[in-house]
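Written out below as structure tokens is the structure these notes cover.
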Amino acid sequence: MSVSVDYEKELLNILVENGIRKKDVQNLFLEFLSEDKMKYFGIEDNDIRNLSIIKSMLGDDKILCKSDQDILEDSTIKDFILAFLQTMCDFNTQNYAKLIIKAINLGIYLFSKHIDLSVFYKSQNMLNSGIIRVLRDELASDIFELVGSLVKFSNFSLGVVSLAYYETLLLKEINRVHKEALIDPLSGLYNRLKFEELKSIEFSRTKRYKTPLSVCLMDIDNFKKINDNYGHFIGDEVIRNIGALLKVTTRKSDICIRWGGEEFLVLFTHTTIDEAFVACEKIRCNIENLKVLDGLKFTISLGLSEVLEIDNSLEDAIARADKSLYLAKAKGKNRTEV
């Protein structure tokens, strides 16, 4: 039986808000909105009929049965438990869809609040124990069949909550690993892999909206001598210092990349070459005044260019910046050339 499109939209909104955007994963969750999905978990029509029998034994005034209510301190878990009971006591497509949405939301919530799934399992199991005590007190002749249906339905709900929890965990872990893979561990800046992700985006944006984009290549002057005279530990400190300085002297919209070795690249977004020149000179002067361990001072040379109308890719502008950098080195270093 299909559910309202509104429930599908609500579920999709929840997934998108929590960063779950992959279509195949979204479809996996959407499948649970169909009651047909329950059959994969062994829930048949007679189990649904048994729920209505359990309802008649519970009575509307025993919605929490004899379960221990101190386990329902968390309002979100309590909200789901009540929805579970409501669905069990009045099984229909609307209540079922609401339950699935709440189950998925609960799984995401538990992960975001660092609440272990075992806390929810305990709540659900204690609720089931309370229901079973009521059935036993009512001397239900078919108690084993009723309990079997209750457990099936409860396990199904637990499965949906767990799926949402672990899919969110997997997504966060994938994003964490991906983010780490894009950061240069020494400088703390983006690496070339991140540049490959961004270059076409930034170039297309510049072309489409006719906004300026300036490119700066910078290189540490006499870096080999620094390593030879002071050791690679000091050389690493130089790179760390430059990375830290670039983070605080550039805007959030600018993109700073460790280009490789002692080279760095900065994309000055929405910035003309004249404006970028001012920013580059500020960076150069700040680095000239830096002191690393043992009082070591060092300088950088910078080459600057701007994306032109005739450029076919960002690499065209980078090639010009590279030529400007070579010119800065040839003219004595510690300078910015356009």
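Using the Karplus relation 6.51 cos²θ - 1.76 cosθ + 1.60 with θ = phi - 60°, the per-residue 3J(HN,Hα) values for the stretch 293-309 come to 3, 6, x, 5, 10, 8, 10, 10, 10, 10, x, 10, 8, 10, 5, 10, 4 Hz, with x marking Gly and Pro.
For the pairs Lys194/Lys282; Lys9/Lys37; Lys179/Lys247; Lys225/Lys333; Lys194/Lys291, note any where the Cα-Cα span goes beyond 21 Å. In this structure, Lys194/Lys282; Lys194/Lys291 lie more than 21 Å apart at Cα. Using just its DSSP H runs of length 4 or more, each adding -39500 (n - 2.57), the chain gives a mean residue ellipticity at 222 nm of -20500 deg cm²/dmol after division by all residues. 3J(HN,Hα) along the stretch 179-195: 5, 5, 5, 9, 10, 6, x, 7, 8, x, 9, 4, 9, 5, 4, 5, 4 Hz, from the Karplus curve 6.51 cos²θ - 1.76 cosθ + 1.60 with θ = phi - 60°, whole Hz, x for Gly and Pro.
Nearest 0.05, what FRET efficiency do Ile53 and Arg176 give at R0 = 51 Å with Cβ-Cβ as r?
On the way: r = 48 Å, r/R0 = 0.94.
So, using R0 = 51 Å, E works out to roughly 0.60.
Could you tell me the relative contact order of the stretch 192-337? Use alpha-carbon pairs under 8 Å, at least six residues apart, and round to a whole percent. Before the final figure, lay out each step's value.
Values: 233 pairs, mean separation 44.8, N = 146.
Here the relative contact order equals 31 percent.
Compute the long axis of helix 273-288 from its Cα atoms, compare it with the longest principal axis of the Cα atoms of the chain, and write down the angle in degrees, 0 to 90, nearest 10. Helix 273-288 sits at roughly 80 degrees to that axis.
Between Lys210 and Asn46, the modelled label-to-label distance comes to 7.5 nm, taking each label 7 Å out from Cα in the direction of the beta carbon. Shape analysis of the stretch 1-43 places it in the oblate category; the axes a ≥ b ≥ c from the Cα gyration tensor give an a/c of at least 1.5, with a/b not above b/c. On a 0 to 90 degree scale, rounded to 10, what angle separates helix 5-17 from the longest Cα axis of the chain? Once rounded, the angle reads 40 degrees. For Glu306, the residues 5 or more places off, or on other chains, whose built amide H falls under 5 Å of its own are Val215. The alpha carbons of the stretch 5-180 give a radius of gyration and a Dmax of 16.8, 60 Å, in that order. Rounded to the nearest 10 degrees, the inclination of helix 314-330 to the longest alpha-carbon principal axis of the chain is 40 degrees.
Relative contact order of the stretch 5-180: what whole-number percent is it, with Cα pairs under 8 angstrom and at least 6 residues apart? Mind showing how you got there, number by number?
Values: 154 pairs, mean separation 54.7, N = 176.
Relative contact order for the stretch 5-180 comes out at 31 percent.
Database remark: amide H of Trp259 closer than 5 angstrom to the amide H of Phe264, Leu265 (H placed geometrically; neighbours at sequence offset of 5 or more, or on other chains; Pro and chain starts carry no H). Computed 3J(HN,Hα) for the stretch 253-265, one whole-Hz value per residue from the Karplus formula 6.51 cos²θ - 1.76 cosθ + 1.60 where θ = phi - 60°, is 7, 7, 10, 9, 9, 7, 6, x, x, 9, 9, 10, 10, glycine and proline marked x. Work out the FRET efficiency for Glu197 and Arg136 from their Cβ-Cβ distance, taking R0 = 56 Å, and round it to the nearest 0.05. In this case the efficiency is close to 0.40.
Within a 10 angstrom radius of the beta carbon, how do Glu180, Glu315 rank from fewest other beta carbons to most?
Details: Glu180 9, Glu315 13.
Fewest-to-most ranking of Glu180, Glu315: Glu180, Glu315.
Just to check, using Stokes-Einstein with a Kirkwood Rh over alpha carbon pairs, what's the diffusion coefficient of the stretch 192-337 at 37 °C and 0.692 mPa s in µm²/s? Could you put the intermediate results ahead of the total?
Numbers: Rh = 15.5 Å.
In µm²/s, the coefficient is 212.
The simple Förster model, with R0 at 35 Å and r as the Cβ-Cβ distance, assigns Leu186 and Lys282 a FRET efficiency of 0.90. Between Ser253 and Phe144, the simple label model (points 7 Å from Cα in the Cβ direction) yields a spacing of 7.3 nm.
Coordinate-derived values only; no laboratory data. What you see is a predicted model, and the numbers here were worked out from it, not measured in a lab. Neighbour counts run over all protein chains shown; Cβ positions are idealised from the backbone, glycine included.
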